[in-house]
Structures are given as structure tokens and as C-alpha cells.
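The values are calculated or read from the model by the stated rules, or taken from the named source; none is laboratory data. Here the structure is a predicted model, which means the values were calculated and not measured. We place every Cβ from the backbone using ideal geometry, glycine too, and count neighbours over all the protein chains shown.
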Ligand SMILES: [Zn+2]
């Protein structure tokens, strides 16, 4: 067992977890000044003020962390970190006035990344993603969800899920990778429609990967001209049979009932939600499904942000993630995104930090994580800052430090 003591602030979120991460106010951060924490490699044994450290722990080896803030581990619960190539030329075209639809029509967008991904072998894909993930971790993130989805064929999607599985084993135990199967990301040109692609590739491969225990969840791009409501229902029903958790890219480009579908199937999360309906908000408020907002994407595309305040006021459990991907959000600094989003999404400080920790852990179905309290997992993020406020106040500067 080990002890960290004299932490300038220990942000426990103990009150936030009692409220299930909803309707949070500043005091729900449950900050302990001059805090101490006792833990082993698995769980937390004690949390409190350094001056109140029980006698039994006083002889343990301890580290003085004055001038630092300790938080429950920061989690990035939505990334597309395994891919080949980059889309900088397409970005320039968009800035110069070409629409995404035009770019996609002549083979740009997701299909361009698919071609670049197909040019690389598994070792090359692993190496690129490993470097990207290390960069993401360097900002204080300890768990990252990684989606497949740029293979879009049976063989290549299988390869990508296996690469993510290798990354997971490579980074354990210090970092956790959550493996999400997103073969239903786009419809490859050689299939007549989404239904055929789903039946021939997505569903059979999902079964194979689930049987081998390679993947943790499934996801689908539910949008006009991509996958239909019927496709989602088929995929989620099959996933339930295989005991796989579900996630959905929902209501991003159009209002099409994605949030409602997520609630119907008790999905872990509905993500994006720029165009969520009032009904979708009401249903999410009564559901365990997390609304994962990805403001970095809206910023980068110059779009209006998701209606976060309406969701939060209704009692929706909200998480924030990066959406790290080569096309619409090529940024590895989740804390920077959250700092920029705070004022623009009108989220208070407890809502922001719970969205990066406690609620993000719910978006991945992780148990006993996201809170600094006895019995919870000893997974933390440490920042060299006198207070929590300094972390996002000094936006764009990385204050995360390695755990001693
Ligand atoms: Zn995404």
C-alpha cells in the first residue's frame, strides 16, 4: 500500500456519484484541501485530510504532493485512433469553400481514410496508434476508448479490432483501452446498401470477434445515407444476444431519433447529439444511457454545439470526449477541448470534471471508477496545479504529470 499526502486539492466527486452524475452543482466536486489518499495497485483504502490520516497508515511509504491536484482518472470515451494517412489537404479544401458532401462524393472523407488504412499492415497500424495514444495519455488521460471503422471489409475490420486488442494488452495495467467495434461506420462502395453490408460483414464479424472476446462493445453510424433505424435495431439485438454493450453515433447531422433508440436498447452512450430532439432529451434524462458530447468536432467544423444546457437541466448524464479522428477532429488534448467547451456549452465546473471522469466511466460501463473513495479503483490523474480551476484556466498548457 502507498500514500499520497499534502495534495493541494483532492477532487473526490463523492457527492456527484451519489447523484448519479446528474444535476450537479459546484459542491458536488467534493474537494478536500491538503488531502491524502491510501491505495494499493487495485483499490483505494482511505481518503481524507492529511491531518486525519489514521495511525495504521502513517508508517507506509508516502509521497508529498503539495502543489498538485489529484482527480479520478480522466477518460476519453470516444476516439477513432487507428487509421492510416491524414486529411490535412481535405481540411484546407474545406476552409477554402468546398463542402464535406462534395469532398465525400469524389472519394474523400471516411472512404479516403479507408484506402489509406488498407495500405498499412497490422504492425504499422499498431505503431501509429501506439504513438497517438501515448500522446493522448500525456495530457492526463488514463483510459481511452478506441473504435475500429476504417477497414470496412471483413478482413480489414477484423485486423483493426485485433490491433486495438493488442494495444489494450500493450498498455495494461497502467492504461486501459476499451475496444469498440465500428464496422458500421460507412457503407463501402462495393455493397448496394447498408442492409447487405450489415448482413454480409458487420453481423458475422461481430459474432466472430465476440466469441474470441476481442471486443468490448459495438457502435454504429446512424445517419441519413448511412445506417437506418432498422439496421441499428438488428445490430443492437444481435449484440445483446452476444452480451456486448452498445454505443451509437446519434443525431449528429439530422434529428432522426438516435437518442431514443439508444434508450430503447439501454446503450452505454449516445454520442454527438448536435440535433437531438426534445423527446430524445426527455428519454435520456430517465435512462442510464450517457450523452457523450464531442465539442471538438463541432468547433473544428465550425458548427453549432450540442444543446448541453438543455440536457443537463433535464437531468441527462453528460460525458465529454475528444472524437479524435483524422477528418473532423484531429486533436489529442481532451483537457483543451473541455476547457474551451466549458463556457460555450455553459457547463459548470462539477459538470465538466464529472463529464471527463465519473460520467465518462459510465459511458464505457466501467464499474467502481470515476470517484476517489474507499473501495473504488485506484485509477487517478495528477496535475501540477495549486487548484482544480488552474487546470482549465491555463487552457492549452499541459499541467498533467506522471503518477509517482
Ligand atoms: Zn465518432
Which numbered condition residue 224 fails, given (1) out of contact with any strand residue (DSSP E or B) (no Cβ under 6 Å at 6 or more places or on another chain); (2) assigned to a loop (DSSP other than H, G, I, E, B); (3) buried (at least 18 other Cβ atoms within 10 Å of the Cβ): (3)
Failed condition for residue 2, given (1) in contact (Cβ under 8 Å) with a residue 60 or more places away in the chain; (2) out of contact with any strand residue (DSSP E or B) (no Cβ under 7 Å at 6 or more places or on another chain): (2)
Output the residue which, of all residues in segment 134-150 that are within 16 Å of the ligand (Cβ to nearest atom) and either in the same structural domain as residue 42 (by TED's automatic domain parsing) or in contact with a strand residue (DSSP E or B) (Cβ under 7 Å, 6 or more places away or on another chain) (or both), is nearest to residue 402 (Cα to Cα). 136
Kindly provide the set of residues from segment 195-243 that are over 21 Å from the mean Cα position of the chain (by Cα), farther than 21 Å from residue 179 by Cβ and within 16 Å of the ligand (Cβ to nearest atom), ordered by number. 226
Conditions (1) over 18 Å from the mean Cα position of the chain (by Cα); (2) buried (at least 20 other Cβ atoms within 10 Å of the Cβ) -> residue 346 fails only (2)
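Results for (1) out of contact with any strand residue (DSSP E or B) (no Cβ under 6 Å at 6 or more places or on another chain); (2) loosely packed, with under 14 Cβ neighbours inside 10 Å, shown as yes or no for each residue.
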| residue | (1), (2) |
| --- | --- |
| 27 | yes, yes |
| 74 | no, no |
| 84 | yes, no |
| 89 | yes, yes |
| 95 | yes, yes |
Pairs returned, first residue in segment 10-22 that is without any contact (Cβ under 8 Å) to a residue 24 or more places away in the chain, second residue that is surrounded by fewer than 17 Cβ atoms within 10 Å (Cβ to Cβ), beta-carbon separation under 7 angstrom, 6 or more apart or interchain, are 15/27
Selection count where residues are more than 16 Å from the ligand (Cβ to nearest atom), outside any loop (DSSP other than H, G, I, E, B) and in contact with a strand residue (DSSP E or B) (Cβ under 7 Å, 6 or more places away or on another chain), scope segment 291-319: 4
Search result, residues across segment 250-290 that are within 14 Å of the ligand (Cβ to nearest atom), assigned to a loop (DSSP other than H, G, I, E, B) and at positive phi: 251, 273
